[in-house]
Structure formats: C-alpha cells, structure tokens
Amino acid sequence: MARPPARHHTGVSGTTILHVDLDAFFAAVEQRDRPELRGRPVIVGGAPGSRGVVSAASYEARRFGVRSAMPLRTAAALCPDGVFVPVNGRKYRHASGLVMDILRRFTPRIEQISIDEAFLDVAGSEALFGPPPTIAVAIKEAVRAEVGLTVSVGVASTKLVAKVASDLRKPDGLVVVPAGQEAAFLAPLPISRLWGVGPQTQAVLAELGADTIGELAAMPVDALVRRLGQHGAELHDRALGIDPSPVSGDVAAKSVSHEHTFSTDTTDQEKIEATILALAEGVAERLRHGGVRASTVTVKVRDSTFRTVTRQRRLAIPTDLAEPIYRTALELARPEIRGRRIRLVGVAGSGLEEPAQLALFAEEDPRRRRVAEAADSIRSRFGRRSVTRARLLRSHLAAPEERDPMQPLERRRLGAAPAGSASPGPAPRDARPGGAGGEPGRADEASQGAGMDEADDARGPDDRLERDEELEGDEGLETDD
Ligand code: TTP
Ligand code: MG
Ligand code: MG
C-alpha cells in the first residue's frame with residue numbers, strides 16, 4: 001500500500017468525504033449467518049403471505065424486481081422461490097454497531113445517517129491512514145474481515161456527490177469522484193438520484209425538459225426558481241455537485257472512547273490502572289488525529305456482577321493529550337474500583353471542540369504536545385505500532401495481563417523514564433503518568449502494559465461508551481477476550 005503522504009500535502013485534493021453504505025444490509029446479515037442462503041434470493045420482512053412489507057432484498061432477489069418497502073405478497077408473486085425470513089432487529093443493530101466502530105477508527109468526524117450508512121470526513125486522517133481512496137479500501141477490507149459484510153463507498157468533495165457515488169456500483173463498490181469532476185460525474189445520471197428529488201419534483205422537472213442531472217444543471221436558474229421557488233435554486237446547485245453541508249457528527253455531540261473487557265474479572269489495581277492509561281492514550285491519539293480536543297472525560301467501570309457506573313468531569317482546559325485524560329479518569333475510577341472485581345473499564349473524551357474554538361484556551365505544556373506530535377508522526381510514517389507500548393509491538397493479542405518484558409533496545413528507543421521519574425521523558429510518547437498517583441515505577445510499567453489498541457484491533461464492538469450504555473444488557477455487544 002502506498003505510503004501515506006506527509007500531512008502538509010493532504011487535503012489538497014479536497015475529496016475527503018466518504019459515504020459508506022452496507023450492501024443489502026439485513027439480507028446480507030442473514031446470508032452471512034446462514035451459509036445455505038448465500039447466492040439465493042433472500043427477502044427479509046416476514047412470511048410471504050403476511051401483510052407486511054419487504055425490509056431488505058438480497059441482490060439475487062432484486063433480479064426478480066423485489067425491492068424494499070414492497071408488500072411481501074407482491075414480492076412472493078415476483079419471486080416464488082424466494083427465501084422469506086423475519087426481521088431480526090437486534091442482530092442488525094449489533095452488526096451496525098460493529099461497522100460504525102470500524103469507521104470511528106479512521107476519524108471521529110463521522111455522521112451516521114441510518115442503521116447502515118454514514119458520512120466520514122477524513123481530512124484529518126490522511127497522515128495516519130493514507131489518502132481517502134486508500135482509507136475507503138481499508139474500511140471495505142476491515143468490514144469484510146471483521147463483520148463478514150460488504151460495503152459500498154463513495155469518495156468525493158461533498159456529501160451529496162459521495163452519496164450518489166456509493167450507490168453507483170453496488171454491491172461492493174468503490175467510486176471516487178475527483179475534485180472538479182462533480183458536475184461531469186452527475187450529468188448522465190437520472191434526476192431521481194439527487195437528494196431531495198421526490199416524484200413530484202421529478203415530474204415538474206421532466207415537464208421543464210430535465211430528465212438527467214446534466215439537463216437540470218444546464219437549465220437557467222431563473223426558470224427553476226419561477227417554477228419551484230428557492231428549492232429550484234438549491235436543486236440547480238446540487239445538480240452541479242455543490243453541497244456546502246459539512247459532516248456534522250461526533251465533533252459537536254459525541255465522544256471518542258475506548259474500553260476493555262478483562263479476560264477474567266480482576267481485583268488487581270495495578271492492572272486496572274495500567275489499562276486505564278492505555279485507554280487514555282488511545283483516546284488522546286484519536287482526538288489528535290481528528291484535530292479535536294475533549295473538554296469532558298468519562299470513565300466507565302463494570303464489575304463482575306455487571307453493575308456499571310460512569311463518572312465524568314469537565315476539564316479546565318480541553319485536551320488531546322493522554323496525561324490529563326489519564327489523570328482525570330484515574331481519579332474518577334479509583335473509588336469505583338476499590339474492593340471490587342472488575343470486568344470492564346472504559347475511557348471517553350467528549351464535548352469535542354475544534355481548534356478554532358480553542359484559541360480561547362491557554363496551551364498546556366508545549367513540550368508534552370511536541371512529544372505527542374512526534375509520536376503521531378512516527379506512527380504515520382512507520383505504522384501504528386512503531387511507537388506504542390511494548391506489548392503492542394509484538395502482537396495483536398491484547399490482554400493487559402500479557403506483559404512481555406521489554407527488550408533493552410526497545411526500552412531505550414521508547415525512552416522509558418527511569419523508575420521513579422515523575423517528569424515526561426524524552427520519549428516519543430505522551431502518556432507519562434507523572435505524578436498522577438501510584439508508586440514510582442508503577443507508571444512506567446503501566447506504559448508497557450495494556451493496550452487501547454485492543455479496542456481497535458481485537459474488539460471493535462465494545463469501543464463506544466454511549467452505544468454500549470444504550471444497549472445495556474444486550475450481551476451481543478459484550479466481547480470478552
Ligand atoms: P438501504 O441501505 O436503503 O438498503 P440495503 O442496504 O438493503 O441495500 P443497498 O444499500 O445495497 O441498496 O437500507 C438499509 C437497511 O434498512 C435495509 O437492509 C433494510 C432497512 N430498510 C427497511 O427496513 N425498509 C426500507 O424501506 C428500506 C429502504 C430499508
Ligand atoms: Mg445499504
Ligand atoms: Mg442505507
């Protein structure tokens with residue numbers, strides 16, 4: 001795979017918006033789970049004679065003309081050999097969560113617009129993951145490997161064009177529309193592909209002589225406005241691929257989080273705190289790559305009885321550094337950990353703020369920031385695992401209790417502070433717990449210990465606090481190692 005371009009070259013193309021949509025989603029989940037249904041016309045919605053409508057049709061069923069929202073009876077008439085299966089919402093929600101968690105690895109700038117699709121703005125992710133088409137391929141591969149489903153992806157400069165693009169080569173499609181090509185890309189397509197064009201508008205436009213998007217773009221705006229009012233002007237813009245709406249997702253409202261389920265419930269304070277450090281590092285890294293800072297830190301602790309508590313605190317200064325996140329998380333978690341067998345811990349940063357808003361705030365220790373940025377840049381050049389805790393250098397097997405002793409060379413390279421040191425070392429990593437508590441040496445060990453990357457690499461599903469909370473008790477989401 002091509003080496004990611006340097007940060008200052010990124011975003012030049014401007015085509016940083018991805019639209020990702022699962023293929024025949026509900027039907028694909030059924031085919032994944034029941035191999036005998038693969039290659040067959042699968043219709044999700046209920047029994048063929050029942051009164052409901054089709055939720056999803058596999059691509060095999062679509063050849064018979066079966067479509068979503070069609071009465072099941074019609075589907076049965078069109079496709080008598082179809083396999084009709086009931087809707088299993090819980091299963092689809094679980095699969096959807098796994099996919100969204102994969103997308104969140106690539107950027108916190110994600111806007112989920114339905115159960116099976118989302119927009120991403122990867123402008124801040126190129127240094128780490130490569131140019132947007134490379135990210136699209138990586139997403140497709142990860143979803144296939146980890147969830148067993150295919151997605152189609154559109155890459156473009158606007159949400160509108162990305163969405164049209166993702167739909168164009170389904171299933172398993174990837175369509176990239178280079179900047180400047182938007183209008184030409186849209187021109188031959190029927191107007192119905194445009195957002196906000198229902199059958200009524202379509203009829204009016206047909207009357208005016210526009211069946212394709214290109215014909216609409218070629219019409220004088222005045223004529224459209226006379227006939228359709230302001231909507232006419234908007235449609236004209238859209239026909240040219242113009243869509244100013246940003247990907248408005250997690251940045252304003254959501255959080256970046258990681259959590260870890262221990263392989264066996266534990267009372268080992270040190271192990272738990274080491275895990276919290278690793279989770280804080282993961283959260284901080286993702287904040288930096290998303291170009292945002294968190295103003296609130298949340299910690300989640302679940303014990304062996306499944307009692308789950310979350311505690312949160314606002315920071316005086318929003319941050320994208322591991323240390324303040326770790327320190328805060330630890331203070332919040334300690335009273336909840338003491339004397340209990342712990343099953344899971346999670347750390348989240350929320351109240352995400354963009355740099356523009358942050359000029360108001362004083363910069364924290366600039367040296368620490370430089371160290372964190374150096375680590376990011378090394379990771380982006382040599383891969384995620386080049387600067388991280390020692391255990392992660394070795395394996396994807398991420399159990400915090402697997403604490404391989406560091407090689408002396410690695411220790412030097414990572415610049416581990418001497419035992420007892422409370423100041424940030426010269427290391428290219430930002431998570432020096434410093435005086436955050438605990439005895440000397442413990443912090444250093446923590447830095448070698450657990451891995452947030454397990455949330456990324458081994459257990460996408462448990463990665464988000466919010467959704468997990470929402471679906472509390474849905475053990476489909478609980479992923480043990
Ligand atoms: P879509 O993404 O619209 O459709 P799809 O994923 O089945 O097929 P594709 O994207 O490849 O064209 O919808 C996602 C899921 O939402 C779909 O699998 C089932 C559900 N759904 C309904 O239940 N009713 C509907 O009318 C539609 C359109 C979708
Ligand atoms: Mg879909
Ligand atoms: Mg969809």
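Worth a mention:
- Residues Lys163, Lys140, arranged from fewest to most other Cβ atoms within 10 angstrom of their Cβ, appear as Lys140, Lys163.
- Sites Arg90 and Glu270, calculated FRET efficiency, Cβ-Cβ separation with R0 35 Å, nearest 0.05: 0.40
- Neighbour-count order for Phe64, Phe306, fewest beta carbons within 10 angstrom listed first: Phe306, Phe64
- Theoretical gain in end-to-end length, Gln202 to Ala233 [0.36 nm per residue, Cα-Cα removed]: 9.7 nm
- Relative exposure of His94, His289, judged by other C-beta atoms within 10 Å (fewest first): His94, His289
- Note on Gln181 and Arg144: their simple-model spin labels are 2.2 nm apart, each label 7 Å out from Cα toward Cβ.
- Taking every DSSP beta bridge that has both ends in the range 1-180, the antiparallel portion is near 75%.
- Reducing the range 270-295 and the range 142-194 to their Cα centroids gives an inter-centroid distance of 33 Å.
Coordinate-derived values only; no laboratory data. Small disclaimer: the values here were computed from a predicted structure and weren't measured. We place every Cβ from the backbone using ideal geometry, glycine too, and count neighbours over all the protein chains shown.
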